[in-house]
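Worksheet: one structure, shown below.
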Amino acid sequence: MTENTGHSSFLVDDCDTIPKLFLKKTAERGDKTAMREKDFGIWQSYTWADYRARAFEIAHGLLSLGLKPGDVVSIQSEDCKEWVFADIGIMLCGGIVNGVYPTYQPNQVAYTLMDSNCRFLFVEDEEQLDKYLDVEEELPNIEKVIVFDWRGLRGLKHDKVMPIERLYTLGQEYGRDNEGQVESIVQNGRPEDLALLIYTSGTTGMPKGSMIPQKYLVFQTTINVDFEQTESDQILTYLPLCHVAERVFSICLPLKSGCVINFAESPETVARDFQELSPTLVFAVPRVWEKFYSRVSTSMSEATWFGRTCYNLGLRAASARARKLLDGKTPGVVDELKYRLANALVFRNIKQLLGLDRAHYLATGAAPISTSLLEWYLILGLSITEVYGQTEVGVVTTTRPKPLRQGTVGEPIPGVDLKISEEGEILIRHPYQFDGYLNQPEKTRETIIDGWVHTGDVGEIDENGQLKITDRMKDIIITAGGKNVTPSLFENELKFSPYVSDAVVIGDQKKYLTCLVMIDKENVEHHAQMHSIPFTDYRSLCARPEVVELIGSELNKVNKKFSSVEQIKKFRLIDILLTAEDEELTPTMKLKRSYVSNKYNDLIEDMYRGPSR
Amino acid sequence: MSGPLLDIRNIETYYGPVMAIRGVSLTVEEGEIVAVLGANGAGKTTLLKTASGALDCRKGQVIFEGNEIQCREPDWVARQGIAHVPEGREVFPLLTVTENLMMGAYCRTDREDIQKDLETVYGYFPALKELGSSLAAFLSGGQQQMLAIGRGFMSRPKLLLLDEPSLGLSPMLVSEIFETISRLNREQNISILLVEQNAHIALQVSSRGYVMEVGGMVMDDDSDKLLESEDIKEFYLGKKDEGARGLRRWKKKKTWR
């Protein structure tokens with residue numbers, strides 16, 4: 001396969017837009033498997049030809065409903081094959097795709113649909129449809145709502161709502177009479193045309209819709225520098241496709257390489273899906289990597305004496321190899337042998353349990369990750385690539401396999417210019433970045449200055465030319481003593497504890513630092529059960545003094561790694577079990593700092609009352 | 001005595017290799033009615049059986065009046081002052097009503113008091129008096145339930161474990177039985193741990209409630225607060241917001257707040 005990653009051109013296989021690439025690749029691949037999805041518990045395969053046929057039906061269907069190039073069509077669904085069919089279908093007929101998080105509440109749905117001036121809406125099922133119906137009056141511009149899964153809606157009489165099967169039929173009819181229309185729309189497509197709107201979770205104010213052109217997506221198909229992907233590779237699609245990271249990994253990369261995407265059955269079954277599938281390409285956010293690790297450490301605490309000893313011996317035996325790799329040296333024969341032995345006896349089973357035994361490309365991104373965690377994976381023989389990017393510019397840096405430089409996010413991928421401003425902010429420029437925020441020219445002007453995108457992240461370039469992210473610029477804490485503290489450093493070390501799911505360090509303009517902690521329900525419950533700490537629900541678990549003490553001791557362990565001004569003096573547990581539907585969390589389940597600090601103001605004030613310990 | 005009357009801590013109970021309840025804790029204070037709600041298979045009956053000694057737990061403690069009583073023989077537990085009224089009545093079909101009631105007093109020797117208590121039972125359930133000499137098998141479901149409760153009372157327990165007293169009864173009878181249950185609690189000073197599927201009535205008579213799901217506790221609070229909780233309303237009381245279409249079929253995610 002030829003690819004062109006040069007600075008001057010954004011052609012991939014001679015194609016400059018995703019629809020062109022799609023037409024070319026689907027014609028080549030035909031009956032090879034493109035995707036798999038579970039139906040009644042059994043994996044069903046769909047070929048590239050099926051993919052093409054469905055996408056065409058949707059494109060034709062939308063044209064027959066009167067879609068004009070440049071119209072916005074939204075998809076509000078969990079990941080599923082129809083999401084992808086609709087996504088490509090919309091682009092084929094010149095529409096602009098706007099992915100809406102299925103965890104959004106009706107008012108949030110209304111906001112993005114209104115702001116994007118959406119004409120057609122795809123929704124997953126009854127549940128998502130009800131969100132639209134709740135706010136229908138506010139959305140007169142929506143002309144048709146197409147439902148992927150019609151179950152439970154049989155008796156529904158509504159002029160604007162129809163099942164996707166109906167759209168397929170409309171598309172087939174329209175396609176018969178208008179052969180060649182889609183092809184000509186695609187051929188006339190230009191790389192500068194808008195492909196997507198991606199709304200980014202607004203931690204401050206309402207979400208902003210980034211305008212993403214076609215060339216951005218084509219460029220993003222080349223981000224896996226140094227890693228070969230083939231048609232035999234498998235990807236598990238489980239993060240929201242509305243998020244730029246999952247889109248790049250599950251839609252863009254497979255288009256170029258032909259690897260197979262597999263849809264997780266539901267957000268709750270991801271762990272089992274991993275185990276079943278054992279994907280060869282894995283992209284995960286730090287929270288998922290943390291979860292894998294805490295599963296292993298919990299089952300180790302439950303294991304027999306023999307099992308535990310083997311695990312600890314294995315970790316010790318293999319750590320020399322990991323250290324050498326981290327130092328940029330080649331591990332010696334003895335180190336390699338020790339690793340092989342530990343791998344055969346211990347690690348292989350662990351990797352099988354997690355579903356990572358076949359993975360040869362593992363990547364993390366979208367949030368900072370603790371280096372201790374990366375090291376643990378490296379000891380197991382899993383080298384995780386860190387990528388860095390944001391919606392506005394896509395993935396722009398990646399670590400390389402040789403030499404390994406963990407703790408950094410690597411170097412820019414070919415075509416990307418990167419520099420650090422005087423304030424320490426990371427600036428990115430490349431020809432394929434976003435076109436600005438929809439309806440927000442002043443925000444756009446603040447972000448793109450002289451062609452450079454101001455990322456809002458603070459970072460530095462180390463002596464090896466690797467980019468290191470310090471933190472979000474606005475998250476940096478200046479204590480009352482005038483000391484600058486980067487909260488994410490502490491938070492990530494703390495999240496390495498199996499008992500901590502997320503944490504927010506607080507202390508801007510305050511005498512000392514404090515922290516709000518969200519516990520890992522499963523592991524803390526397990527700990528309580530093992531130590532006969534009675535509890536009933538989540539709230540009572542958080543209220544147990546033993547649990548508070550447990551988190552306190554985990555916190556103290558982390559405190560030891562920091563200087564005294566950077567140490568956490570007090571902490572509180574968030575005693576409500578948060579879900580993706582809650583506004584405190586982003587759709588990728590990160591705590592939103594500003595939101596959380598406002599909402600739990602009382603808890604925070606409480607920590608600053610009385611003397612520090 | 002300072003602690004609660006019954007204090008169940010982190011119990012785990014298995015049926016063979018199957019873990020039926022995984023780490024459940026619960027307390028009943030003296031003089032209180034506590035309700036445990038939950039769907040089929042949540043582990044409510046297992047919880048009661050573990051408390052009364054009919055099942056042994058693998059982990060955790062059942063503390064009654066400050067003493068551990070888990071994994072003891074059920075008859076010993078009964079003598080400590082816990083009476084278990086099992087699900088589905090389980091009266092002795094071939095004994096008469098009076099004989100059934102006397103079985104409840106099997107461990108007692110104070111004849112006079114037994115006679116008095118028998119009269120008390122007849123006072124609470126006049127229907128049983130008229131049926132005194134008929135075989136229990138010929139009683140209606142409601143009468144059998146009264147008999148089973150009466151039999152439990154005859155051991156003069158400090159704590160009564162009631163497993164779904166409303167099972168298979170008409171709404172009328174249900175409210176009657178629950179009326180009697182709260183009278184027993186008030187007038188005889190018997191603490192009651194009540195397992196129920198009929199959340200509405202259970203939360204009305206109880207002062208506190210617990211919600212179980214797949215073997216674990218997911219929520220506990222004062223009963224009047226539980227009655228106000230969105231999740232309890234939707235999943236146990238059958239009140240839900242029908243949405244714009246008026247025909248909502250999907251279930252929202254449970255958050256137990």
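The values are calculated or read from the model by the stated rules, or taken from the named source; none is laboratory data. As the structure is a computational prediction, the values presented were derived from the model and not from experiment. Cβ coordinates were reconstructed from backbone atoms using ideal geometry, including for glycine residues, and neighbour counts include every protein chain displayed.
Overview of values
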read-out: Pair list, Cβ under 7 Å, 6 or more apart: segment A:126-149 residue at the interface with chain B (Cβ under 8 Å from one of its Cβ atoms) and in contact (Cβ under 8 Å) with a residue 24 or more places away in the chain, other residue surrounded by fewer than 21 Cβ atoms within 10 Å (Cβ to Cβ) and in a helix (DSSP H, G or I); value: A:ASP134/A:PRO106
read-out: Condition met for A:GLY451 (of a type outside the set (S, T, N, Q), outside the structural domain of A:MET114 (by TED's automatic domain parsing) and in contact with a Lys or Arg (Cβ under 8 Å, 6 or more places away or on another chain)); value: yes
read-out: Any hit, segment B:25-36, residues being among the small types (Gly, Ala, Ser), closer than 23 Å to B:SER182 by Cβ and within 14 Å of chain A (Cβ to nearest Cβ); value: yes
read-out: Hits in segment A:551-590 (condition: farther than 21 Å from A:ASN523 by Cβ, under 17 Å from the mean Cα position of the chain (by Cα) and within 14 Å of chain B (Cβ to nearest Cβ)); value: A:GLU581
read-out: Yes/no for A:PHE120 being away from chain B (no Cβ under 14 Å), in contact with a Lys or Arg (Cβ under 6 Å, 6 or more places away or on another chain) and in contact (Cβ under 8 Å) with a residue 40 or more places away in the chain; value: yes
read-out: Any hit, segment A:242-264, residues being modelled with pLDDT under 90 and over 26 Å from A:GLY407 (Cα atoms); value: no
read-out: Conditions (1) closer than 26 Å to B:ARG257 by Cβ; (2) away from chain B (no Cβ under 14 Å): number failed by A:GLU546; value: (2)
read-out: B:ALA20 in a strand (DSSP E or B), more than 12 Å from chain A (Cβ to nearest Cβ), within 24 Å of A:MET530 (Cα to Cα) and in contact (Cβ under 8 Å) with a residue 60 or more places away in the chain; value: yes
read-out: Odd one out for A:PRO267, checked against (1) crowded, with 21+ Cβ neighbours inside 10 Å; (2) under 14 Å from the mean Cα position of the chain (by Cα); value: (1)
read-out: Out of A:THR455, A:THR486, A:THR470, A:THR479, sole residue that is within 21 Å of A:GLY552 (Cα to Cα) and of a type in the set (Val, Ile, Thr); value: A:THR486
read-out: Residues of segment A:253-272 that turn out to be within 27 Å of A:THR222 (Cα to Cα) and in contact with a strand residue (DSSP E or B) (Cβ under 7 Å, 6 or more places away or on another chain), as a count; value: 8
read-out: Pick from segment B:188-224, criterion surrounded by fewer than 16 Cβ atoms within 10 Å (Cβ to Cβ) and out of contact with any helix residue (DSSP H, G or I) (no Cβ under 9 Å at 6 or more places or on another chain), ranking: farthest from the other protein chains (Cβ to nearest Cβ); value: B:ASN189
read-out: Unique residue being free of Cβ contacts under 8 Å to residues at least 40 places away in the same chain and more than 27 Å from A:GLN187 (Cβ to Cβ) when the list is A:GLY152, A:GLY95; value: A:GLY152
read-out: Unique residue being touching a residue at least 12 places away in the same chain (Cβ under 8 Å), surrounded by 21 or more Cβ atoms within 10 Å (Cβ to Cβ) and outside the structural domain of A:ALA528 (by TED's automatic domain parsing) when the list is A:VAL346, A:VAL393; value: A:VAL393
read-out: Qualifying strands (runs of 3 or more DSSP E) (wholly inside segment A:338-414; at least 1 residues being among the charged types (D, E, K, R) and under 21 Å from the mean Cα position of the chain (by Cα)); value: A:384-390
read-out: Test: B:ARG72 is of a type in the set (Lys, Arg) and within 14 Å of chain A (Cβ to nearest Cβ); value: no
read-out: Residue satisfying all of: in segment A:27-47; part of a helix (DSSP H, G or I) and either in contact (Cβ under 8 Å) with a residue 24 or more places away in the chain or of a type in the set (Gly, Ala, Ser) (or both); surrounded by the fewest Cβ atoms within 10 Å (Cβ to Cβ) among these; value: A:ALA27
read-out: Residue identified as within 30 Å of B:LEU237 (Cβ to Cβ) and part of a loop (DSSP other than H, G, I, E, B) among B:GLY88, B:GLY3; value: B:GLY88
read-out: Matching residues, segment A:323-337, being touching a residue at least 24 places away in the same chain (Cβ under 8 Å) and either in contact with a helix residue (DSSP H, G or I) (Cβ under 6 Å, 6 or more places away or on another chain) or part of a loop (DSSP other than H, G, I, E, B) (or both); value: A:GLY328
read-out: Unique residue being touching a residue at least 60 places away in the same chain (Cβ under 8 Å) and either within 14 Å of another protein chain (Cβ to nearest Cβ) or buried (at least 16 other Cβ atoms within 10 Å of the Cβ) (or both) when the list is B:ILE63, B:ILE114; value: B:ILE63
read-out: Segment B:199-220, residues that are over 19 Å from B:ILE11 (Cβ atoms), among the hydrophobic types (A, V, I, L, M, F, W, C) and in contact with a strand residue (DSSP E or B) (Cβ under 7 Å, 6 or more places away or on another chain); value: B:ALA199, B:ALA202, B:LEU203, B:VAL205
read-out: Residue check for A:GLU491: within 20 Å of the chain's Cα centre (by Cα) and modelled with pLDDT of 90 or more; value: yes
read-out: Members of segment A:211-256 that are of a type in the set (S, T, N, Q), assigned to a helix (DSSP H, G or I) and in contact with a Cys (Cβ under 9 Å, 6 or more places away or on another chain); value: A:GLN220
read-out: Pairs where the first residue, in segment A:596-607, is under 15 Å from A:VAL517 (Cβ atoms) and the second is at pLDDT 90 or above and polar (S, T, N, Q), C-beta under 6 Å, 6+ apart; value: A:MET607/A:THR514
read-out: Scan of segment A:510-540 for residues that are out of contact with any strand residue (DSSP E or B) (no Cβ under 7 Å at 6 or more places or on another chain) and either more than 10 Å from every other protein chain (Cβ to nearest Cβ) or within 23 Å of A:LYS592 (Cα to Cα) (or both), ordered by number; value: A:LYS510, A:LYS511, A:LYS521, A:GLU522, A:ASN523, A:VAL524, A:HIS527, A:TYR538, A:ARG539
read-out: Answer from B:THR27, B:THR45 - the residue that is over 13 Å from the mean Cα position of the chain (by Cα) and in contact (Cβ under 8 Å) with a residue 12 or more places away in the chain; value: B:THR27
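This table checks each residue for (1) at pLDDT 95 or above; (2) closer than 17 Å to A:LYS160 by Cα; (3) surrounded by fewer than 22 Cβ atoms within 10 Å (Cβ to Cβ); (4) outside the structural domain of A:LYS38 (by TED's automatic domain parsing).
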site	(1), (2), (3), (4)
A:ALA49	yes, no, yes, no
A:HIS60	yes, no, no, no
A:TRP83	yes, no, no, no
A:GLY95	yes, no, no, no
A:LEU121	yes, yes, no, no
A:GLU126	no, yes, yes, no
